[in-house]
Amino acid sequence: MIKLCVFDFDSTIMDGETIDSLAGAYGVGDEVSKITKRAMAGELDFFESLSERVSFLKGMPLAMAREICENLPPMNGAAQLIAELKSKNIRVVIFSGGFHLATDAMQKKLGFDESFANILHHKDGVLSGLVGGEMMFGSSKGDMLKRVQNLLNFSPSETMCVGDGANDISMFERSDLKIAFCAKEILKRAATHCVDVKDLREILKFVR
């Protein structure tokens, strides 16, 4: 029986990539999106690619970044899926290689239990181009899932993970039920199930 569901955020719970939305608004979208695509396909080291992408945001007003993050679109079916999981007393947690500015705003809309993400550093109301936090490395999601499982006393057989990119592989390794959602090929190879329809409600068929 599933007791814990862990979701990636960008292109899974949220329809798009937060860093690409920020970069597009700041006029550096082309440079950043190219790096994002390669990182999610597993072609680049996650830490290095994240640091490089955030560096393009140096000087961006924090208020602009916050407004964008507060208006990101949820994935089709996200609200219904999370409500259904919660009705089954399943703990719903978000792991994001992106930013708390985005996950915290989405938590208010969708009501998931917790999120673990990174922090965009800022000073005097502008982004510094630096980032830090809990999800900086390719192995971060797996390490955090192990900690959460130990804290809540949940086993891999009681855990479902859902993601779309290469940095979700480490959390898949800690879960018996691993769903690649509209995912890159590298993650599909690590999954037990693949959903290629852009509707999160499709995942409910796997919840027992």
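The values are calculated or read from the model by the stated rules, or taken from the named source; none is laboratory data. Just so you know, these numbers come straight off a predicted model, no measurement behind them. Because the Cβ atoms are built from the backbone with ideal geometry, glycine has one as well, and the counts that use them run over all protein chains shown. Side chains are part of the model used for accessible areas, which takes the heavy atoms of the whole protein and leaves out ligands, DNA and RNA. Shrake-Rupley method; radii C 1.70, N 1.55, O 1.52, S 1.80 Å.
For segment 20-58, what are the residues that are aliphatic (A, V, I, L, M) and within 20 Å of Gly163 (Cα to Cα)?
Hits for segment 20-58 are Ile35, Ala39, Met40, Ala41, Leu44, Leu50.
May I ask you to list the residues in segment 143-163 that are surrounded by fewer than 21 Cβ atoms within 10 Å (Cβ to Cβ) and within 23 Å of Ser51 (Cα to Cα)? Show your work before the answer.
Initially, segment 143-163 is screened for residues surrounded by fewer than 21 Cβ atoms within 10 Å (Cβ to Cβ), giving 143-144, 146-158.
Across segment 143-163, the qualifying residues are Asp143, Met144.
Out of everything in segment 167-192 that is in contact (Cβ under 8 Å) with a residue 40 or more places away in the chain and more than 18 Å from Ile94 (Cβ to Cβ), what residue ends up being most open to solvent (accessible area, probe 1.4 Å)?
Out of the qualifying residues, it is Glu185.
Report yes if Ala79 is under 20 Å from Leu4 (Cβ atoms), touching a helix residue (DSSP H, G or I) at 6+ places or on another chain (Cβ under 8 Å), surrounded by fewer than 18 Cβ atoms within 10 Å (Cβ to Cβ) and of a type in the set (A, V, I, L, M, F, W, C), otherwise no.
Yes.
I'd like the residue in segment 193-208 that is aliphatic (A, V, I, L, M) and part of a loop (DSSP other than H, G, I, E, B) and, out of all such residues, is farthest from Phe95 (Cα to Cα).
By that ranking, first place goes to Val197.
Working only within segment 91-107, note down all residues that are within 18 Å of Phe206 (Cβ to Cβ) and open to solvent by 10 Å² or more (accessible area, probe 1.4 Å).
Of everything in segment 91-107, just one residue is within 18 Å of Phe206 (Cβ to Cβ) and open to solvent by 10 Å² or more (accessible area, probe 1.4 Å), namely Arg91.
Could you pull out the residue among Cys194, Cys161, Cys182 that is on the phi > 0 side of the Ramachandran plot and in contact with a Lys or Arg (Cβ under 6 Å, 6 or more places away or on another chain)?
Result: Cys182 is the single residue among Cys194, Cys161, Cys182 that is on the phi > 0 side of the Ramachandran plot and in contact with a Lys or Arg (Cβ under 6 Å, 6 or more places away or on another chain).
Pairs only if they're at least six apart or on different chains, beta carbon under 7 angstrom, first in segment 90-111 and without any contact (Cβ under 8 Å) to a residue 60 or more places away in the chain, second β-branched (Val, Ile, Thr); list them, first residue then second.
Hits for this filter: His100/Ile119; Gly111/Ile82.
Looking at segment 53-76, which of its residues are open to solvent by 10 Å² or more (accessible area, probe 1.4 Å) and either β-branched (Val, Ile, Thr) or modelled with pLDDT under 95 (or both)?
Scanning segment 53-76 gives a single hit, Ile68.
Looking at the structure I just gave you, is Asp20 open to solvent by 20 Å² or more (accessible area, probe 1.4 Å) and not hydrophobic (A, V, I, L, M, F, W, C)?
Yes, satisfied.
I need the full set of residues from segment 10-57 which are among the aromatic types (Phe, Trp, Tyr) and within 16 Å of the chain's Cα centre (by Cα), in order please.
Within segment 10-57, Phe46, Phe47 meet the criteria.
Could you please find all residues in segment 20-51 being in contact with a Lys or Arg (Cβ under 6 Å, 6 or more places away or on another chain) and in contact (Cβ under 8 Å) with a residue 24 or more places away in the chain?
Within segment 20-51, the subset in contact with a Lys or Arg (Cβ under 6 Å, 6 or more places away or on another chain) is 32, 35, 40-41, 44.
The answer is Val32, Met40, Ala41.
List the residue pairs whose Cβ atoms are under 7 Å apart, where the first residue sits in segment 52-71 and is on the phi > 0 side of the Ramachandran plot, the second is β-branched (Val, Ile, Thr) and surrounded by 16 or more Cβ atoms within 10 Å (Cβ to Cβ), and the two are 6 or more positions apart or on different chains.
Between residues of segment 52-71 that are on the phi > 0 side of the Ramachandran plot and residues that are β-branched (Val, Ile, Thr) and surrounded by 16 or more Cβ atoms within 10 Å (Cβ to Cβ), the close pairs are Gly59/Val126.
Taking interchain pairs and intrachain pairs at least six residues apart, which have beta carbon atoms under 6 angstrom, with the first residue in segment 73-89 and closer than 9 Å to Asp199 by Cβ and the second open to solvent by less than 10 Å² (accessible area, probe 1.4 Å) and in a loop (DSSP other than H, G, I, E, B)?
Filtered contacts from segment 73-89: Met75/Ile13.
Looking at this structure, is Ala41 open to solvent by less than 40 Å² (accessible area, probe 1.4 Å), more than 19 Å from Leu101 (Cβ to Cβ) and not acidic (Asp, Glu)?
Against the criterion (open to solvent by less than 40 Å² (accessible area, probe 1.4 Å), more than 19 Å from Leu101 (Cβ to Cβ) and not acidic (Asp, Glu)), Ala41 qualifies.
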